[in-house]
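The values are calculated or read from the model by the stated rules, or taken from the named source; none is laboratory data. Please read all numbers here as calculations on a predicted model, not as lab measurements. No Cβ is skipped: glycine too gets one built from the backbone with ideal geometry, and neighbour counts run over all protein chains shown. Surface areas here come from the heavy atoms of the whole protein model, side chains and all, with no ligands, DNA or RNA. Shrake-Rupley method; radii C 1.70, N 1.55, O 1.52, S 1.80 Å.
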Amino acid sequence: MSEKLMVKPMRWGFVGASNIAERVIPALRKVPGQEPVAVCSRSAVRAREFATALGLQASYTDLAAFLKEGRFDAVYVSSTNEQHCAQTLAALEAGCHVMCEKPIAMNLPDARRMVEAAQRAGRVLGTNHHLRAQAAHRLMREIVAAGGIGRLHGVQVSHAVFLPPHLQGWRLDAPGAGGGVVLDILVHDADLLRYLVGAEPRRISTHVQHNGLARGALEDGAMSLIEFEGGVLAQTHESFVAQHAATRLHLLGTEGSLYAVGSLSQAGTARLWQRDAQGERELEVPPVDLYETGFRAFAAACAGQGAPLATGADGLRSMAVALAGLASAASGRAEAITF
Ligand code: NDP
């Protein structure tokens, strides 16, 4: 038997019968050697229906039994946000690698415990910041790092979308589950900015809006100014109520600029332009399955090759930016970002 055929498939368990897991499982199946096995949900009916629809062998409602009987190599946690920490710690304790959804937790001490538990267990903890897999963003990062637009000094992020009706649930009415546009979208933008700028964010000033889609105290629009170590300034706009708006990402350097349209989405397609003394040209951006790419890197990391696109520590940092943004909106002042 060849060495390739002798490699055991990686067994995957899924915590949360979620919308995003429905997208992730087919993407994971495109990565060689990955075997989606079972789901754990709070509802027996939903768990069974999810397992049948996604072709999983088993469904559970008890996390301990799921982790014990599943014999998983890796677990994907995509429950609502307030459950991420406890479920991730349980999966790490059971010896599994964990890919956790963002925000990885609801507060810094919990996020730190997750990162430390993964280190102690010698398991890989990844954060599913899918935008790092977008080919336009990878190219932008390379060009910036190579000095292709001179010194980067400013970034504008317009990540204002319309929240589709099938996602208009806990994000709009459940502060305890981590609802609101800041924990949902600013957290992705914070990670992408760290990735593109190549420096840590130090201070954030955020204003939030209540446009009537989110209920109670939860915000459905936010604008922030983020200051990075080294002096880069970034403006971000996140919204759940922007109908018919393309997302936009603009990097401004001392010798040129990069401008992407449509890159801030789940689709994996985008258009990208570079403008400098030579004029404006469109750069080629191949379409990619963002989730396949992210889980491919994660699976390789579990096999000892490289690191996930975004680690648990990256998830901690993006969450810290979003929490400081919420603190700023409440205090009316710029807030320091601490990890
Ligand atoms: P969903 O609302 O689809 O699912 C969240 C949880 O709600 C599920 O785990 C499930 O819990 C429960 N649930 C699902 N359907 C129902 C229903 N019909 N009635 C009652 N409860 C239900 O959330 P998302 O998939 O949108 O988000 C899940 C996580 O993934 C979040 O942390 C989010 O931030 C993140 N996310 C990340 C994305 C990315 O691209 N990285 C994109 C989208 C989301 P249970 O099965 O335990 O009952």
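The table for this structure:
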| read-out | value |
| --- | --- |
| Phi-based couplings in Hz for the stretch 136-145 (Karplus 6.51, -1.76, 1.60; Gly and Pro marked x) | 5, 5, 5, 5, 4, 4, 4, 5, 4, 5 |
| Arg113 accessible area, assembled protein chains, probe 1.4 Å, Å² | 120 Å² |
| Leu63 accessible area, 1.4 Å probe, all protein chains in place, Å² to nearest 10 | 40 Å² |
| Dipole magnitude of the chain, debye to nearest 20 (Cβ charges: Lys/Arg +1, Asp/Glu -1, about Cα centre) | 480 debye |
| Nearest-20 debye value, the stretch 138-216 charge dipole, Cβ charges on Lys, Arg, Asp, Glu | 180 debye |
| Largest-first ordering by accessible area, 1.4 Å probe, given options Leu139, Leu183 | Leu139, Leu183 |
| Charge dipole magnitude, Cβ of K and R +1, D and E -1 - the stretch 75-171, Cα centre, debye nearest 20 | 280 debye |
| Amide H contacts under 5 Å for Gln34, placed H, 5+ residues apart | Met10 |
| The chain: angle of helix 44-54 to the longest principal axis, Cα-based, in degrees nearest 10 | 80 degrees |
| 3J(HN,Hα) from dihedral phi, the stretch 114-120, Karplus parametrisation 6.51/-1.76/1.60, rounded to Hz, x for glycine, proline | 5, 5, 5, 5, 5, 4, 4 |
| Modelled FRET efficiency - R0 22 Å, Gln243 with Gln266, Cβ distances, 0.05 increments | 0.80 |
| Among Gly179, Cys85, Gly216 the positive-end extreme of the charge dipole of the chain (Cβ point charges) | Cys85 |
| Net lengthening on full extension, Gln235/Arg23 (0.36 nm per residue, minus Cα-Cα) | 73.3 nm |
| Per-residue [θ]222 nm for the chain (sum of -39500 (n - 2.57) over DSSP H runs n ≥ 4, rounded to 500) | -10500 deg cm²/dmol |
| Computed E for Lys30/Ala86 - FRET, C-beta separation, R0 30 angstrom, nearest 0.05 | 0.50 |
| Solvent exposure ordering (accessible area, 1.4 Å, most first) of Thr236, Thr52, Thr293 | Thr52, Thr293, Thr236 |
| Chain lengthening between Arg71 and Phe162 when straightened (0.36 nm per residue, less Cα-Cα) | 28.8 nm |
| FRET efficiency, Leu108 to Arg281 (Cβ-Cβ, R0 45 Å, nearest 0.05) | 0.55 |
| Carbon + sulfur, % of accessible area of the chain - ligands and nucleic acids excluded, 1.4 Å | 52 percent |
| Chain lengthening between Thr338 and Leu225 when straightened (0.36 nm per residue, less Cα-Cα) | 39.1 nm |
| Inter-site label distance for Ser43 and Trp170 at 7 Å from Cα along Cβ, in nm | 1.2 nm |
| ³J(HN,Hα), Karplus 6.51/-1.76/1.60, whole Hz, each residue of the stretch 313-320, x for Gly, Pro | 5, 5, x, 4, 5, 5, 5, 4 |
| Area of Lys102 that stays accessible when all protein chains are in place (1.4 Å probe, Å², to 10) | 20 Å² |
